[in-house]
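Here's the structure we're looking at; comments come further down.
Bear in mind these aren't lab numbers, they're just calculated from the coordinates by the rules spelled out. Here the structure is a predicted model, which means the values were calculated and not measured. Quick reminder, even Gly has a Cβ in these numbers, built from the backbone with ideal geometry, and neighbours come from all protein chains shown.
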Amino acid sequence: MKFGFCVMANIDEIGFFNHAETLGYDSVWVADSQALFSDCYAVLALAAQQTRTLRIGPGTAICGTRIPQVQVSAMATLNRLAPGRVFLGIGTGNTAMRTMGQKPMKIREFDEYLRVLAALLRGEIVDYTFNGVTRPIKMLMHDTRYMNLLPRIPLYVSGFGPRAMALAGEHGDGLVFAIPPRGIPVAEAMGHVRQGAARSSRSMAGYRNAALVNVALLEKGERADSDRIKAAIGPNIMASVYYFYDTVAERGIAPPPFLQRIWEPYCALVAQTPPEYRHFRTHEYHYTQLHPGEAALIDEQLIRDTSLVGTADELVEQIRGLEQDGLQELIFATGNDAKWRLASDFSREVMSRL
């Protein structure tokens, strides 16, 4: 099992990359959301120059705000700074699009985007339609100057539903997904990936998977809903609530069972904001802090329903089980100062035993 962090892009916290590398983490993924955080590629460029072994990349880059060629140019530039240590995580961009009052990219459009993106990463010529005009494109100068496509840049596709997971198998080199209790079992996720790979007759040799999780490492006798844990991962938990708020409203469906008991109080909080500005309210604190009133909605059950929780002994046991199930990498999502202590404590108390 490999371990990494997904941090919000913060140009003032490049030191965290060195911190994670020194502690033995394999990767740091950097969130991409243009209205909320520092530019992820600027952060990654600085991180590339200040680390030596750490794998780095966007986690995940947003397809709706950058055309494929721009995405590949940024990654190939990073690959010149840190050859062989970069990866491209890509997703439909729920938060980045929602902050503009827009919906994430649809699956059909995502499929086409990934087709072009993957071909460009391989250095191939591929037909691309832009502003209604279809022309062949490729990355032109990538051998000796400016940027490099070699060593090859792995493409991780974010997929939280069966169709997106299948696209990860059809176009990607890896899958980023969510495990239970919030997501689905590893075997089920990889089954969807294999279906997608079969559609394009792709080999699964060397294919990787990585789960994005919230983690709470408890002290002996500490409750899962202690003030410390709430402060550390409360914003992560509310990010799931924000996601489902949009989904429930647009599809006219009931909230998932784990949110039903807090749904009316949460909607009442959102209703305090005028309707035309609610797309600001529901996403502006993504993974970073809580709005007034939200902490009262977070109890021990909600934390356990959305997070990997336990003492060091309990987490070691849970992680060994996930590894037996076929999970290859755990990525800990974090957006506040608690990440510094978590990185140190988890490395010392859990990673050292695995």
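Note on the chain: lysine pairs with Cα distance below 26 Å, sequence gap of 8 or more or different chains, count 7. Residues SER201, SER33, arranged from fewest to most other Cβ atoms within 10 angstrom of their Cβ, appear as SER201, SER33. Under 5 Å between amide hydrogens, built in the peptide plane, is the criterion, and for LEU175 it picks out VAL157, ARG208, ASN209, ALA210 among residues at least 5 positions away or on other chains. Along the stretch 126-131 the Karplus relation, 6.51 cos²θ - 1.76 cosθ + 1.60 evaluated at θ = phi - 60°, assigns HN-Hα couplings of 9, 6, 9, 9, 9, 6 Hz to successive residues, with x for each Gly and Pro.
Amide H contacts of THR311 (H built 1.01 Å from N, in plane; Pro and chain starts excluded): LEU218 sit under 5 Å, all sequence-distant by 5 or more or on other chains.
For the stretch 196-209, backbone phi angles converted through the Karplus equation (6.51, -1.76, 1.60; θ = phi - 60°) give residue-by-residue couplings of x, 5, 5, 4, 10, 6, 8, 6, 9, 4, x, 5, 10, 10 Hz, Gly and Pro being listed as x. Among [x] 26; [y] 37; [z] 58, find the value of percent of Cα pairs over 33 Å apart that was calculated from the structure presented, and write down its label. Among [x] 26; [y] 37; [z] 58, the one calculated here is [x].
Centre-to-centre separation between the Cα atoms of the stretch 325-339 and those of the stretch 154-173: 19 Å. The residues ILE107, ILE184, ILE233, when put in order of fewest to most other Cβ atoms within 10 Å, stand as ILE107, ILE184, ILE233.
Computed from backbone phi, the HN-Hα couplings of the stretch 291-298 come to 6, x, x, 6, 4, 5, 7, 9 Hz, rounded to whole numbers (Karplus: 6.51 cos²θ - 1.76 cosθ + 1.60, θ = phi - 60°; Gly and Pro given as x). Hey, what angle do you get for helix 312-325 against the long axis of the chain, alpha-carbon based, 0 to 90 degrees rounded to 10? Tilt of helix 312-325: around 40 degrees.
How big is the Kirkwood radius of the stretch 14-124, worked out from every pair of different alpha carbons and given in Å to one decimal?
Mean inverse Cα-Cα distance, inverted, gives 14.5 Å.
Remark on the stretch 219-308: Rg and Dmax equal 13.3, 46 Å (Cα only). Computed from the alpha carbon positions, the gyration tensor of the stretch 253-354 leads to an equivalent ellipsoid with semi-axes of 32, 17, 12 Å, biggest first. Taking the C-alpha atoms only, the angle from helix 162-171 to the longest principal axis of the chain is near 30 degrees. Taking every alpha-carbon pair under 8 Å whose residues sit at least 6 apart, the chain reaches a relative contact order of 18 percent.
The spacing between the stretch 186-241 and the stretch 1-73, judged by their C-alpha centroids, is 18 Å. Per residue of the chain, the DSSP helices (runs of n ≥ 4 H) give a summed -39500 (n - 2.57) that works out to -13000 deg cm²/dmol at 222 nm. The angle separating the long axis of helix 40-50 from the principal Cα axis of greatest extent in the chain is about 80 degrees. Each residue in TYR266, TYR285 was given a count of other beta-carbon atoms within 10 angstrom of its own, and listing them fewest first yields TYR285, TYR266.
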